[in-house]
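Beneath this line is the structure, given in structure tokens, with notes to follow.
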Amino acid sequence: MASAQVDVPGNPTSTGTALLETATAAIQGFHPINKIHQHLCAFHFYGDDMTRQVEAHHFCSHQNEEMRQCLIYDGEELGAKLIGVEYLISEALFLALPDEEKPLWHSHEYEVKSGLLFMPRVPAAVQRKEMEQVSKTYGKTYHFWQVDRGDHLPLGLPQLMMAFTQDGQLRQDLATDVEKRYGVSFEEEREMRKHMTGPDQGIHPLANGAGKGQRLELREVDISLVA
Amino acid sequence: MTRQVEAHHYCSHQNQDVRQCLIYDSEGPEARLIGVEYMVAEPLFLALPDDEKPLWHSHEYEVKSGMLFMPGLPGLVEHKDLEQVCKTYGKTYHFWQVDRGDELPFGIPQLMMAFTRDGQLREELAKDIEGRYGVSFEKEREKREYMKGPENGIHPLANGAGKGQMLELREVDLPPVSSLPRAFI
């Protein structure tokens, strides 16, 4: 994968653990997980530093027609690391958000129309309908594991992530690497997706960090104990 | 600490010592993804930088008190794993504050902590779970008395180093990509 190959420290999974997982898989229910039905590949950058860019594999489930919740991994193999989450909402839901909430969300129009956001191995004709919809949505993404800087564990604070909004932002090497591995051509997809439109009301000016960088910081406070 | 939430974790092992978990507010298909938790074995926690340690919490109390459990699993099977969890440290963020009625994940992530002694967890939350899952925390507490926490004791820097930890959002300048010198690997 394009991100640094980080090894997670620790001992290999023991037989005991493997056996336990066989038991739990058989006995327990996994409804929320079983709803995940879609894999999207895209790129994010850190909300306070556009030069730091990451390939992001989203595994999504629909809460309803207007809202999806996605898990983000750094790859699609068994050992992929959970690096973040993303929520996708329809334009209508976005417009109803309080104004101070809007900057935390990013638009998807450019990602979709440029071809950068795609569903691996799904025939282009099949995924087009889906992409038409995603093009009009807004997303909110946090990452917790900064694999791009070689972290072996999820260190530090959550990072608010943003999506690209125009040509010239995404690093060429990251794009080419994905094109090669998935046998796709962003150029060709761009041609095919020319007809797609973004949000009906246009991209809201407060979205995408309201044009500024956004960074999370930690503050120590007095903890109010349970009365 | 007055805001407390029921958290359903769905976990996978990266290896024997590291787990990554998705947290939902219930176990049904309509469950909302409200957070994530990473769990690491004690040696890995001890190796973390000192400024990282406060973001992690210990699990000893949660396990020994009975309030952390695996729904549907026979006690003996469950205990084998809990003996291990008892010695781990976890790092948890929630993004969807369902306890205050948010319809969507508003705001910024919240660093979450786990309980570390009696008297912290709200009684009605505990009773509700016991009722729904047919478990008794009291009985479990007795059965789990033999379990031990981290070999080196709970590290003083864990659990927020005893302080509250709050995340805040700050606006910064975002230079466009082209304005920075780039090194190609």
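Throughout, read-outs are computed from the coordinates displayed, never taken from laboratory work. Values in this document were obtained by computation on a predicted structure and should not be read as measured data. In this analysis, Cβ positions are derived from the backbone assuming ideal geometry, glycine residues included, and neighbour counts consider all displayed protein chains.
Listing for the model above:
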| read-out | value |
| --- | --- |
| Equivalent ellipsoid, chain B (semi-axes from 5 times Cα gyration tensor eigenvalues, Å) | 32, 21, 16 |
| Cβ-based charge dipole, chain A, positive-most Cα from A:ASN208, A:ALA124, A:LEU71 | A:ALA124 |
| Net charge dipole size for the protein assembly as shown [Lys, Arg +1 and Asp, Glu -1 on Cβ; Debye, nearest 20] | 280 |
| Sequence-distant lysines (8 or more away, or on other chains) whose Cα lies within less than 21 Å of A:LYS35 | A:LYS81, A:LYS129, A:LYS140 |
| Volume per residue that the Cα convex hull of segment A:73-152 spans, once the total is divided by residue count, Å³ | 118 |
| Inter-centroid distance (Cα atoms) of segment A:49-114 relative to segment B:78-145, Å | 27 |
| Chymotrypsin sites (Phe, Trp or Tyr not before Pro) restricted to DSSP loop in segment A:3-45 with at most 15 other C-beta within 10 Å | A:PHE30 |
| Residue-averaged beta-carbon neighbours from other chains (10 angstrom radius) around A:211-217 | 5 |
| Solitary cysteines of the protein assembly as shown, where the nearest other Cys Cβ is not under 4.7 Å | A:CYS41, B:CYS86 |
| Estimated distance in nm for a label pair at A:GLU65 and A:ALA26, the labels positioned 7 Å out from Cα along Cα-to-Cβ | 4.3 |
| Efficiency of FRET from Cβ geometry, A:LEU218 and B:LEU125, R₀ 22 Å, rounded to 0.05 | 0.25 |
| Scattering profile of segment A:46-195 at q = 0.09, 0.11, 0.19 Å⁻¹ [log10 I(q)/I(0), Debye over alpha-carbon scatterers] | -0.28, -0.42, -1.38 |
| Chain B - percent relative contact order, Cα under 8 Å, separation 6 or more | 24 |
| Partner chain coverage, peptide A:29-42 - average Cβ within 10 angstrom | 3 |
| Shape metrics for segment B:78-177, restricted to C-alpha atoms - Rg then Dmax, Å | 18.3, 60 |
| Under-5 Å amide H pairs with A:THR137, H placed in peptide plane, nonlocal only | A:HIS108 |
| Three-way shape label, segment A:1-115, alpha-carbon gyration tensor, a/c 1.5 | oblate |
| Value in Å of the Kirkwood radius, where segment B:50-100 supplies the Cα pairs that are averaged | 12.8 |
| Per-residue mean of C-beta atoms belonging to partner chains within 10 Å, peptide B:163-169 | 6 |
| Longest segment of chain B lacking trypsin sites (Lys or Arg not before Pro) that sit in a DSSP loop with at most 15 other Cβ atoms within 10 Å | B:4-116 |
| Distribution of pairwise C-alpha distances over segment A:30-85, 10 Å bins, in % | 23, 49, 24, 4 |
| Cα-centre dipole for segment B:82-155 with unit charges at Cβ (Lys and Arg positive, Asp and Glu negative), debye to 20 | 240 |
| Rounded Å value of the spacing that divides the Cα centres of segment A:132-193 and segment B:15-50 | 24 |
| Cα coordinate range in the protein assembly as shown, projected on the principal axes (Å, largest first) | 66, 44, 41 |
| Folded to 0 to 90 degrees: helix B:123-133 orientation relative to chain B principal axis, Cα | 70 |
| Cα Rg, Dmax (largest Cα-Cα span) when computed across segment A:153-227, Å | 19.6, 62 |
| Globularity ratio of segment A:143-193, using Cα Rg and 2.2 N^0.38 Å | 1.48 |
| Cβ charges +1 (Lys, Arg) and -1 (Asp, Glu), total dipole of chain A, debye | 280 |
| Residues whose placed amide H lies under 5 Å from that of A:GLY75, excluding near-sequence neighbours | A:HIS57, A:LYS81 |
